[in-house]
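Everything on this sheet refers to the single structure shown next.
The values are calculated or read from the model by the stated rules, or taken from the named source; none is laboratory data. Every value quoted in this text rests on a predicted model; they were computed, and no experiment measured them. FYI the Cβ positions are ideal-geometry reconstructions off the backbone, even for glycines, and counts take in every protein chain you see.
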Protein chains: 2
Amino acid sequence: MSVETHPDLTKNQALVFGSLSDAGGPLTAYAILDLLRDSGFRAPLQVYRALDKLVEYGMVHRLESLNAFVACSHKGCSSHGTAAFAICEKCGVVSEFTPDKAMSLLRDWTKSEGFQLSRTTIELRGTCRQCAVPN
Amino acid sequence: MSVETHPDLTKNQALVFGSLSDAGGPLTAYAILDLLRDSGFRAPLQVYRALDKLVEYGMVHRLESLNAFVACSHKGCSSHGTAAFAICEKCGVVSEFTPDKAMSLLRDWTKSEGFQLSRTTIELRGTCRQCAVPN
DNA sequence: GCCCCGGCGTTACGTTATTACGTATGTAGC
DNA sequence: GCTACATACGTAATAACGTAACGCCGGGGC
Ligand SMILES: [Zn+2]
Ligand SMILES: [Zn+2]
Ligand SMILES: [Zn+2]
Ligand SMILES: [Zn+2]
């Protein structure tokens, strides 16, 4: 269980963030709900409301291609640049990194198009080093 | 996909691709289903099966952050590099582009990590030039 | 003929996300 | 004190998105 990280989390927010931190990987909202039934959670909305805030605080990231959520890998949870995720399709492990140079190029494109960027999703699917078959 | 031209589409695939082309923007699978009820479509699976093939052929792209699908903007539908999408949150317009330089940097990261990349999602959310308020 | 396979139609089901309504609590202004 | 407002919460119901499992049919290879 992680403690005392960022803004004052409410009880529900702390429980959800704790579940994600403990899991060490992505969880769906309904998986979180099941984990927290013993703590009194009864409905999906309790999870989604907490997740909305945690994402807003930058403590949790949403993985669009998995419909799942993952705790930010930066322990301090201080905000950081746009995150990208490499998702292994064999073992499910997710690696977070901050592709600043690539983002800079993407922002060049948005500027040239007059597109005001608010949020970026970058997700790589493939096979991690551990799961690559040596044959 | 190799050098061959578009495979012959089945009737259902052609109907689904036609819907997406006519729409000129993203549609959800269920929106396509509703559009095609008069053509005999009755169940989501008919749409999803056609979409799977069209995505495989590179003629349609899936937008993960919208749970929607869009016809490839390259009229010839010949295969191209990894596509990125800028999605206006005000008017819903989607612009497809191929950020080759940014992809090259992302591939540098995957190589350094021994991650075998199979598929990449890049989606930018924000406000398009048309919708930007001058104020 | 016979087998195999890809596409198809249908039913039923599973998963993910939101709407709507009411309650509780804290705080600022009066 | 009391009201007005904002935020969080609890619950039920429903919408939206996606898939499993079954069987049928037609075309190509042998
Ligand atoms: Zn992060
Ligand atoms: Zn792996
Ligand atoms: Zn394309
Ligand atoms: Zn717009």
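Please work out if A:ALA50 is more than 14 Å from chain B (Cβ to nearest Cβ), within 14 Å of DNA strand C (Cβ to nearest atom), more than 16 Å from A:GLU96 (Cβ to Cβ) and surrounded by fewer than 20 Cβ atoms within 10 Å (Cβ to Cβ). Spell out the reasoning first.
Working: more than 14 Å from chain B (Cβ to nearest Cβ): yes; within 14 Å of DNA strand C (Cβ to nearest atom): yes; more than 16 Å from A:GLU96 (Cβ to Cβ): yes; surrounded by fewer than 20 Cβ atoms within 10 Å (Cβ to Cβ): no.
So A:ALA50 does not fit the description; no.
Give the number of residues within segment B:77-104 that are over 19 Å from B:GLU56 (Cα atoms), surrounded by fewer than 19 Cβ atoms within 10 Å (Cβ to Cβ) and either free of Cβ contacts under 8 Å to residues at least 60 places away in the same chain or within 16 Å of ligand 2 (Cβ to nearest atom) (or both). If you could, list the steps in order and put the result at the bottom.
Here is the first cut: in segment B:77-104, the residues over 19 Å from B:GLU56 (Cα atoms) are B:86-95, B:99-104.
If we keep only those that are surrounded by fewer than 19 Cβ atoms within 10 Å (Cβ to Cβ) as well, we get B:89-93, B:95, B:100-101, B:104.
Adding the requirement that they be either free of Cβ contacts under 8 Å to residues at least 60 places away in the same chain or within 16 Å of ligand 2 (Cβ to nearest atom) (or both) leaves B:89-91, B:95, B:100-101, B:104.
Counting residues in segment B:77-104 that are over 19 Å from B:GLU56 (Cα atoms), surrounded by fewer than 19 Cβ atoms within 10 Å (Cβ to Cβ) and either free of Cβ contacts under 8 Å to residues at least 60 places away in the same chain or within 16 Å of ligand 2 (Cβ to nearest atom) (or both) gives 7.
For the subset of segment B:105-123 comprising residues that are charged (D, E, K, R) and at the interface with another protein chain (Cβ under 7 Å from one of its Cβ atoms), which member is surrounded by the fewest Cβ atoms within 10 Å (Cβ to Cβ)? Write out each step before concluding.
Our first condition is that a residue be charged (D, E, K, R); within segment B:105-123, this holds for B:107-108, B:111, B:113, B:119, B:123.
From what is left, the residues that are at the interface with another protein chain (Cβ under 7 Å from one of its Cβ atoms) are B:113, B:119, B:123.
On the way: B:GLU113: 15, B:ARG119: 13, B:GLU123: 21.
Going through the qualifying residues, I end up with B:ARG119.
Take A:LEU63 and tell me if it is modelled with pLDDT of 95 or more, in contact with a strand residue (DSSP E or B) (Cβ under 7 Å, 6 or more places away or on another chain) and within 13 Å of another protein chain (Cβ to nearest Cβ).
On the way: modelled with pLDDT of 95 or more: yes; in contact with a strand residue (DSSP E or B) (Cβ under 7 Å, 6 or more places away or on another chain): yes; within 13 Å of another protein chain (Cβ to nearest Cβ): yes.
It is true that A:LEU63 is modelled with pLDDT of 95 or more, in contact with a strand residue (DSSP E or B) (Cβ under 7 Å, 6 or more places away or on another chain) and within 13 Å of another protein chain (Cβ to nearest Cβ).
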